[in-house]
Each structure stands twice: as C-alpha cells, then as structure tokens.
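Below is one structure, written out as structure tokens; comments come after it.
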Amino acid sequence: MDRDSLHAILAGLDAPAFRVGQLWRWLYVRGATSFDQMTDLGKPLRAALADRFALDRPAVARQQNSVDGTRKWLLRFTDGQAAESVFIPEEDRGTLCISSQVGCTLTCRFCHTGTQRLVRNLDPAETVGQVLLARDALDDWQRSDDRRQLTNIVLMGMGEPLYNFDNVSQAVRILMDGDGIAISRRRITLSTAGVVPMIRRCGAELGVNLAISLHAVTDDLRDRIVPINRKYPIAELLDACRDYPGVNNARRITFEYVMLRDVNDTPADARELVRLLQGIPAKLNLIPFNAWPGAPFECSTDAAIDRFADIVMRAGYASPIRTPRGRDILAACGQLKSDSQRPRAARPAPATAA
Ligand code: SAH
C-alpha cells in the first residue's frame, strides 16, 4: 500500500494521521512481518489492523543458489501463481531483478519467459513483496544503508513492465520513498521491449533509468524476433528514447542486444547499431544469448562477440559485454519461467485438515 491508502485506512479506524509514518517505518524500514511487533501503535489499533490486513511475504516455492553467488527464488502468490526473482551480487553493489507479470504476452523468440502464456499482472504488493522477501533472505533489514547487500533494482524479470504500468508505478514509488525502502530512482532500471506510448510516462512519473531490449537493427529482423516491433517499429522506439524525460550524458539509456549466432551478430549489424544510436545518450549491453531447453538459437561465437564489441567500443561505448550470471540455475537474462501453464491439478494438493 502507498501512503494515501494507509492514510485512508487509519482515518477509517479513527487513528491519528501521524500513525501513518509509524506504520510506514515498521513496514519498510524495519521489515515487520506481524502487527504484534509494532509496539508503539497501541494494542487496539494493532488488533484492528491484524483483523483486516496481512503482512505476508510471497511464499518461497524454491530457492536456488548459483556457483557465482547469484540466487533465484520461485515465489508462489496467494492464488497459486508463481514468478521468479533473482539476486545478483557484485563487488560494489547487489542487484535484485524482479518480475512484473506472471508469464508474458510478448513472445520474443529467444526468451524462455516468452514461451509461457501471460497469466496475469502482479499487483503492487506482489512486486514490492519480492523486494521485502529479498531483504529478509539477505538479512538486510538489520544493516545500515551503506552495508546493505541489495542496493539496486532492475525490472528485468518476467513480464513487460510497461504493459502493467499502473501497478508497477505504484510499486516503484513505494520502493523509492526516502523514508522507507529508499532505493533511489538512479538505482532502479526498468527494461522494456518497446511499449512506445508508455515510455514518456515512465520517465515523467517515475524518473527511473530506462533499458531498451533492442536486439536487432532492421525492422525486418526485429519484427521476427521481437514481435512488438510490428506495432512500434525501431524509428518510433528510438524517437521515444531521444525524448525520454531526464535523459542526458550522465543518465544514459541502456540498449540491450542479445548476441544470436548468425542472426544479428555481423560487423555490419554492429556498424548499423552505432549509426542508429547516434545522438542518443546511450550505454550498450551486449548479452551473450543464454540457452534454455528447446531454444531455437545459439549464442554467437566468442570471436563474433569480440568483433562486434570491438566496433561498438571504437564508437565510444565502454565495456559493452555483460557477463552472464546464474546460468547454472537458469537465472540469467531470458531464462526465467515459472511453469504457469501447468494446470493447477498437476501440483500436489495442499494438505487439508482432517
Ligand atoms: N519485457 C521486458 C523485461 C524483460 S528484461 C523487456 O523485454 O525488456 C529481460 C532481458 O533479457 C531483455 O532484454 C530480454 O530481451 C533479454 N533476454 C531474453 N531472453 C534472453 C536470452 N535467452 N538470453 C539473453 N538475454 C535474453
């Protein structure tokens, strides 16, 4: 819930407005998981809240740890649907990659999530819940700001965040609130395959960093591998990037480019990429294709990736190759999938009370 909703609820319970701040800190600074912990709230108010609301985290259906320190959680929500989040520790920061939908509508050909149909949007509680759960698991609530493991958030998990903008926007505003979880908009990146009409709002209303899943330099190829391109072709997408509110050389747009063997990885592709991005304050992430069972592509050869990287580096893009993380647990870019297409009956039935 955001502050406005908490205000309305507390007013309905005849509690004074300053209780909102107290409740907010319990929820988002201390990570309370029960109203009983909120000892400065008064027993009747705690009981009234506990009657009406739950502070549950998403349930962890499975947790996997990669040899490189990456951690992946399969989270099960109250209706049985599931989504994944991934924590990627690095030397100077730790990034949590969160999902915005169960499944996805986009059907990008190289993406594992794209083989799973869209089941539903995640709501703000489920989106923020992924961050609360990660803070629990990383023991991050106890730490001071400068010692936290989770410092950055990327909306790069399952789903297309700009097709679920209202929920994502509410969640991101909660995550950015300076008196709560307080992860600043500079440390949050939203990745989109290119929902052009929503890009401006994302910049104007949230001001987070933008990442664009480009992956091809011609409409002909992009139409085939990122089908949303048929609706919003490359030129329109790049115009929206040029106009992205707040974009400048200090705050660049990231362009993601998955390296697909013999599909989009020639020197000519690299030169065209450089040409297309001219005039846009841009960073480049060349992502070695991460394989998944049944994928119709292979990763470009090391030589092809080096050649490609060399051309874009000479054009001024620094360290463009992204090292895949968590491949061994299918936690890398494009490998997330939560089997939501499986009928419910295929799961073991929950134990019932005799
Ligand atoms: N729908 C949003 C959010 C997903 S972000 C978007 O498309 O941007 C996930 C990123 O991983 C995207 O850049 C996506 O194109 C990329 N990706 C998908 N499958 C991949 C794969 N198999 N290997 C490497 N990157 C992949």
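Are there chymotrypsin sites (Phe, Trp or Tyr not before Pro) in segment 127-172 that DSSP marks as loop and that have at most 16 other Cβ atoms within 10 Å, and which are they?
The qualifying sites are 141.
Which angle from 0 to 90°, rounded to the nearest 10, does the C-alpha axis of helix 124-137 make with the longest principal axis of the chain?
Value to nearest ten degrees: 90.
To the nearest whole percent, what portion of all C-alpha pairs in the chain is separated by more than 29 angstrom?
For the chain, the share of Cα pairs beyond 29 Å comes to 42 percent.
Convert 10 °C to kelvin, take the viscosity as 1.306 mPa s, use the Kirkwood radius over C-alpha pairs of segment 3-52 as Rh, and evaluate the Stokes-Einstein diffusion coefficient in µm²/s, rounded to a whole number.
Numbers: Rh = 10.8 Å.
So the translational diffusion coefficient is about 147 µm²/s.
Out of the DSSP beta bridges found with both residues in segment 59-192, what percent are antiparallel (nearest 5)? Spell out each step's value before the answer.
Working: 18 of 24 bridges.
If we restrict to bridges inside segment 59-192, about 75 percent are antiparallel.
Quick one: Debye curve from the C-alpha atoms of segment 85-186, no solvent, what's log10 I(q)/I(0) at q = 0.20 Å⁻¹?
-1.00
Counting only DSSP beta bridges with both residues in the chain, what percent are antiparallel, rounded to the nearest 5?
Restricted to the chain, the bridges split so that about 50 percent are antiparallel.
Reachable aspartates and glutamates from residue 72, Cα under 18 Å, same-chain residues fewer than 8 places away excluded?
The qualifying aspartates and glutamates are 84, 90, 126, 136, 139, 140, 328, 339.
Taking just the alpha carbons, could you work out the radius of gyration and Dmax for segment 1-147, both in angstroms?
Cα-based Rg and Dmax for segment 1-147 come out at 17.7, 55 Å.
Would you calculate a helix-derived [θ] at 222 nm for the chain, using -39,500 (n - 2.57) for each DSSP H run of n ≥ 4 and dividing by the full residue count, to the nearest 500?
Values: 10 runs with 102 residues, N = 354.
One gets -8500 deg cm²/dmol as the mean residue ellipticity at 222 nm.
Extension gain residue 29-residue 141, at 0.36 nm per residue separation less the Cα-Cα distance, in nm? Kindly include the intermediate steps, with their values, before the conclusion.
Working: separation 112, 0.36 × 112 = 40.32 nm, distance 0.70 nm.
Going from the current span to full extension adds 39.6 nm.
For the chain, the longest stretch holding no GluC sites (Glu not before Pro) located in a DSSP loop with at most 14 other Cβ atoms within 10 Å is which?
92-297
Coordinate-derived values only; no laboratory data. No experiment lies behind these values; they were computed from the predicted model shown. No Cβ is skipped: glycine too gets one built from the backbone with ideal geometry, and neighbour counts run over all protein chains shown.
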